[in-house]
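Right, one structure below, let's go through it.
The values are calculated or read from the model by the stated rules, or taken from the named source; none is laboratory data. Please read these numbers as outputs of a predicted model, since none were measured by experiment. Cβ coordinates were reconstructed from backbone atoms using ideal geometry, including for glycine residues, and neighbour counts include every protein chain displayed. When the accessible area is computed, the model is the full protein with side chains, heavy atoms only, and any ligands, DNA or RNA have been set aside. Shrake-Rupley method; radii C 1.70, N 1.55, O 1.52, S 1.80 Å.
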Amino acid sequence: MTNTEPEDRSTDTNTLAIHIDAIDGGLDSSLILLDSSVRRCRDLDPATVQLIDPETGTASTATTAATIEWIASELEGVTELLQAAYTRMNAVNARARLLYPRV
């Protein structure tokens, strides 16, 4: 197991690589969850779910459909941003793997 507090942090490329790899993996997992969430949102039938307006306490199929579409669209926007971050993180990860302590 990697020492998380090495004596000489100026040469600890291994812990850095492990952290970057974990971030890279987390972004990948987040993209998978986002993709699944977008599909699940788009699969919702406004006739079988309802949006309750907290102010009026009433439900509206039209409002429900618009809300479902808005949520799916926003999730897709987040997916695009996260995909860009993931692509950049892959490049960072590849470069970080080239760092080694001098011997």
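Laid out as a table, the results:
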item: Cβ-Cβ under 9 Å pairs, at least 6 apart or on other chains, the range 38-61 side at pLDDT 85 or above and assigned to a helix (DSSP H, G or I), far side among the charged types (D, E, K, R) and surrounded by 10 or more Cβ atoms within 10 Å (Cβ to Cβ); result: VAL38/GLU76; CYS41/GLU69; ARG42/GLU69
item: In the range 58-93, the residues that are in contact with a strand residue (DSSP E or B) (Cβ under 9 Å, 6 or more places away or on another chain) and either more than 28 Å from PRO46 (Cβ to Cβ) or open to solvent by 70 Å² or more (accessible area, probe 1.4 Å) (or both); result: THR58
item: Scan of the range 15-43 for residues that are basic (Lys, Arg) and either surrounded by 13 or more Cβ atoms within 10 Å (Cβ to Cβ) or in contact with a helix residue (DSSP H, G or I) (Cβ under 7 Å, 6 or more places away or on another chain) (or both), ordered by number; result: ARG42
